[in-house]
Amino acid sequence: MMTSRSFDTAKMAIDRLSTQRTDSAWLEAQQKAPGARFMVLADLSPVIRSNEARTNAALAWFSPEQIAGFRLPVSEALFLGRDKSTGDNLFAICVPEHMARLAPGGAENLRPIVDLRSLAIQGVMPPNDMMLAGEARSLWSWHLNARHCGHCGGTTNVKDGGWKRKCWACGQEWFPRTDPVVIMLISDGARCLLAHEKQFNDNVYSTLAGFVEHGETIEDAVRREVMEEVAIEVGDVAYVASQPWPFPHSLMIGCVGKALSSDITIDPSEIETARWFSREEAAAMLAGDHGEGLLAPGPYAIANWLLKDFINGKI
Ligand SMILES: [Zn+2]
């Protein structure tokens with residue numbers, strides 16, 4: 001079932017150095033060393049470089065000297081990991097948009113700032129850059145909501161290059177949270193079930209998805225979500241692939257589920273319409289030539305990969 005995909009994290013080209021990053025002296029030395037490179041996120045969006053036509057984009061990386069020149073807070077940089085090919089240590093500095101705009105030289109160098117979701121949809125940035133920007137965005141999203149201790153209300157301080165916060169008052173440690181989301185292609189063997197949700201663009205149909213709840217297995221989450229949203233009973237469930245989704249800090253767990261019933265009853269609070277599609281129809285949606293003008297999510301989304309596997313008869 002497992003196949004190589006563009007977002008396969010096994011290909012991730014960094015070493016997170018999770019043992020070393022707990023050493024604050026080591027981390028501080030790395031931030032000042034020549035091999036340190038910093039990306040800048042302003043209001044959660046990365047500073048990028050692109051060609052004039054904006055058909056190719058890449059993350060902008062800055063040296064410690066450049067970051068010092070912008071007077072951005074190096075000491076608060078998140079440690080992303082070490083680039084396995086260059087040996088460079090990669091950091092992310094996340095600031096409010098106005099801080100980047102008003103930084104010395106910021107108006108010239110800390111632009112353009114582009115929303116990561118737009119970059120994903122446009123498909124203009126290499127997968128490795130998307131992954132690094134996603135890592136920084138999701139980690140910083142967590143920090144923005146973890147400044148106070150959930151136990152005593154005290155202020156929490158950043159530790160381990162951003163991979164922990166610790167309450168100064170009660171000592172409670174807090175770790176970045178990831179929200180597991182199941183996303184599932186439900187098939188009866190010949191057809192797959194896709195739904196149109198209110199927040200989707202017109203004519204876009206996608207796989208069902210939902211958060212995994214406490215005390216629930218991935219398999220049960222798939223069965224429950226499908227029953228809640230379209231009232232289809234699901235039997236066997238299998239894992240296919242996963243995708244980090246930094247909006248704000250989810251992990252999409254791609255599954256395939258076997259439908260045991262076929263009559264759809266939608267939950268109108270979540271779904272606008274849902275229906276069954278043949279492999280031919282699904283292929284036409286991906287190709288953009290479906291007879292009714294229906295579309296599927298683009299290659300940035302794990303739903304696209306699940307659909308391709310279904311069309312190719314792999315699931
Ligand atoms: Zn506390």
Inset, instruction - Using R₀ = 51 Å, calculate the FRET efficiency as 1/(1 + (r/R₀)^6) where r is the Cβ-Cβ separation of Asp220 and Ser85; round to 0.05. - result: 0.80
Inset, instruction - For Met227 and Asn312, compute 0.36 nm times the residue count separating them, minus their Cα-Cα distance, and round to one decimal in nm. - result: 28.0 nm
Legend entry - Difference of contour (0.36 nm per residue) and Cα-Cα distance, Ser118 to Glu65: 16.1 nm
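Run the numbers on the chain and let me know its relative contact order in percent, using alpha-carbon pairs under 8 Å that are six or more apart. Spell out each step's value before the answer.
Working: 600 pairs, mean separation 49.0, N = 315.
Across the chain, relative contact order equals 16 percent.
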Inset, instruction - Go through segment 150-197 and name the trypsin sites (Lys or Arg not before Pro) that are in a DSSP coil and have 14 or fewer other Cβ atoms within 10 Å of their Cβ. - result: Arg177
Inset, instruction - Could you tell me the convex hull volume per residue, in Å³, taken over the Cα atoms of segment 9-141? - result: 107 Å³
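Helix check for the chain. Which DSSP H runs span at least 24 Å along their own axis by Cα, with a mean Kyte-Doolittle hydropathy no less than -0.5? Walk me through the numbers on the way to the answer.
Numbers: long enough: 127-144 (25 Å, -0.27).
Span-like helices in the chain: 127-144.
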Legend entry - Peptides ranked, highest mean first, by Cβ atoms within 10 Å: ranges 232-244, 283-295: 232-244, 283-295
Inset, instruction - Set the Förster distance to 25 Å, then compute FRET efficiency between Ala169 and Asp23 from the Cβ-Cβ distance, nearest 0.05. - result: 0.55
Inset, instruction - Straight distance only, please: which aspartates and glutamates reach the Cα of Lys314 with their own Cα at less than 15 Å, same-chain residues fewer than 8 apart left out? - result: Asp188, Glu280
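For the chain, state the average projected area of the convex hull of the C-alpha atoms over all orientations, rounded to one decimal in nm². Could the numbers behind the result be given before it?
Working: hull surface 73.5 nm².
Convex hull of Cα atoms, orientation-averaged projection: 18.4 nm².
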Inset, instruction - Compute the distance in nm between two label points, each set 7 Å from the Cα along the Cα-to-Cβ direction, one at Asp43 and one at Leu260. - result: 4.9 nm
Legend entry - FRET efficiency estimate (nearest 0.05) - Cβ-Cβ, Phe211 to Thr155, R0 30 angstrom: 0.55
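Relative contact order for segment 58-137: what percent, with Cα pairs under 8 Å and sequence separation of 6 or more?
Working: 58 pairs, mean separation 23.6, N = 80.
Relative contact order for segment 58-137 comes out at 29 percent.
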Legend entry - Percentage, to the nearest whole number, of Cα pairs in segment 19-78 over 12 Å apart: 72 percent
Legend entry - Expected 222 nm ellipticity per residue - DSSP helices of 4 or more, -39500 (n - 2.57), all of the chain, to 500: -7500 deg cm²/dmol
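Coordinate-derived values only; no laboratory data. Not measured: the values here are computed from a predicted model. Reconstructed Cβ throughout: ideal geometry from the backbone, glycine too, with neighbour counts over all protein chains shown.
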